[in-house]
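Worksheet: one structure, shown below.
The values are calculated or read from the model by the stated rules, or taken from the named source; none is laboratory data. Quantities reported herein were computed from a predicted structural model and do not represent experimental measurements. Virtual Cβ from ideal backbone geometry, glycine too; neighbours counted across all protein chains shown. Accessible surface is based on the protein model in full, side chains and every heavy atom, while ligands, DNA and RNA are left aside. Shrake-Rupley method; radii C 1.70, N 1.55, O 1.52, S 1.80 Å.
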Amino acid sequence: MPQIGKAEAQKFVDRLPHCRELNIRVEDAAPAQVSMSLPYDARLIGDPDTGVIHGGAVSVLMDTCAGASVRMHPENGGALATLDLRIDYMRAAKPGDSILAEAKCFHVTRTVAFIRVRAWDSDTSVPVATASGAFTFTPISKSERPPA
Amino acid sequence: MSRQRPEPVQAIKERRDSVLRRMTNSIPYIQFLGVEFERRGDELTAILPYKDMLIGNPELPAIHGGVTSAFLEVASITELTWSNFWEVMESGGGAETDWSTEPLPPLPKTIDFTVDFLRPGLPRDAYARARVNRSGRRYASVHVEAWQDNRSRLFAQATGHFLMPE
């Protein structure tokens, strides 16, 4: 069974070149549950009039966080890929704030994982965005399974 | 009856290209991803030239799903802004307006965006075209398709709803 914790989740993220570029950090990790942050970065601005981060950058954070929660699921054997992801944008993130995302892989079948994600800036009363989606993954091999 | 002389083709192209250039150059995130746009008449094609920095799965390797989603959202917002501004730009009086300084319209805001990942994004250039299926006074619905080597083999598609600027 794969190790599950903050260090493993950070290792997963650090192997992804795009996440290193964005400085995405794991804040916390538990089985099938991960939270991570995206620091504010002027390169990610989507609306120059307001300085608000582009929705695309938020979707990178949401997808990464969701993927990590699937990776941290005890049934996951390694490889995974996004099948579909729907993001709802509740409000603009405050310019200057980091964005914090929390993902939960709440159900898996043999090869499909279902996830939900929420994201906030410094105001935690209303999420900036939420997402739900499905991933495909390679299940752990029988030999890795703990004896019943 | 006197007929107005048609505008010189070079002036038309220059106006359209300069507006498109300003629209995309002003947005840092478009520059960060390196997204470019090609124009044929009013039709836009978004191009995402491959860079190692876009990778999200180093084993395959494959483009990050979030990057694919971001690329599709950039293509959708640009198409929506462009198609709305097209009428303003082409409604005559073009010759008197200085299109290099004319204020650009405010951007629409994404309400939701649903991405369907059909195949892994390979480490090479990607292309996308968006279609505005409905553009009302307040909301718009946009569909976008992305491919790499073959136009008919999409690697991702998405539908998004947008709040139009007041």
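Could you state the angle between the C-alpha long axis of helix B:9-25 and the longest principal axis of the C-alpha atoms of chain B, as a value from 0 to 90 degrees rounded to the nearest 10?
The answer is roughly 40 degrees.
What distance in nm separates the two pseudo spin-label positions at B:Tyr139 and B:Leu122, each 7 Å out from Cα along the beta-carbon direction?
Reported label-point gap for B:Tyr139 and B:Leu122 is 3.8 nm.
With solvent modelled as a 1.4 Å probe, how much accessible area in total do chains A and B shield from it at their shared surface, in Å² to the nearest 100?
Roughly 2400 Å² of accessible surface disappears when A and B pair.
Classify segment B:9-163 as rounded, prolate or oblate, taking a ≥ b ≥ c as the square roots of the eigenvalues of its Cα gyration tensor: rounded when a/c is under 1.5, otherwise prolate if a/b is larger than b/c and oblate if not.
Here segment B:9-163 falls in the prolate category.
Return the average number of partner chain Cβ atoms within 10 angstrom of each residue Cβ along peptide B:16-28.
On the way: counts 0, 0, 0, 0, 0, 0, 0, 0, 0, 1, 4, 5, 11.
What the average comes to for B:16-28 is 2.
Mind checking A:44-54 for the average number of partner chain beta-carbons within 10 Å of each residue's beta-carbon?
6
Volume per residue, Å³, of the convex hull around the alpha-carbon atoms of chain A?
Dividing the Cα hull volume of chain A by its residue count gives 101 Å³.
Given the options A:Val117, A:Val52, A:Gln33, identify the residue whose Cα lies farthest towards the positive end of the charge dipole of segment A:6-144 (+1 on Cβ of Lys, Arg; -1 on Cβ of Asp, Glu).
In segment A:6-144, that residue is A:Gln33.
What FRET efficiency, computed as 1/(1 + (r/R0)^6) with R0 = 35 Å and r the Cβ-Cβ distance, is obtained for B:Glu102 and A:Thr111, rounded to the nearest 0.05?
After rounding to 0.05, the efficiency reads 0.05.
Using the Cα centre as the reference, give the magnitude of the dipole from point charges on the C-beta atoms of segment A:58-148 (Lys, Arg: +1; Asp, Glu: -1; all else neutral), rounded to the nearest 20 debye. Mind dumping the intermediate values first?
Numbers: 10 positive and 9 negative charges, 61 e Å.
For segment A:58-148, the charge dipole is close to 300 debye.
For the pair B:Gln4/B:Tyr50, report the inter-label distance in nm, with labels modelled 7 Å from Cα in the Cβ direction.
For B:Gln4 paired with B:Tyr50, the spin-label model returns 4.8 nm.
To make sure I understand the rule: partners must be lysines, Cα under 27 Å from the Cα of B:Lys109, and not fewer than 8 residues away in the same chain. Which ones qualify?
A:Lys94, A:Lys104
What aspartates and glutamates does A:Lys11 reach when the alpha-carbon gap must be under 17 Å and sequence neighbours fewer than 8 apart in one chain are set aside?
Within the straight-line cut-off, A:Lys11 pairs with A:Glu21, A:Glu27, A:Asp28, A:Asp63, B:Glu59.
What does the extension gain come out to for B:Val88 and B:Asn150, with contour length at 0.36 nm per residue minus their alpha carbon separation? Don't skip to the end; give the middle numbers.
On the way: separation 62, 0.36 × 62 = 22.32 nm, distance 3.45 nm.
Here the segment from B:Val88 to B:Asn150 would lengthen by 18.9 nm.
Calculate for chain A the 222 nm mean residue ellipticity that helices alone would give, adding -39,500 (n - 2.57) per DSSP H run of length 4 or more and normalising by residue count, nearest 500 deg cm²/dmol.
On the way: 3 runs with 32 residues, N = 148.
Result for chain A: -6500 deg cm²/dmol, rounded to the nearest 500.
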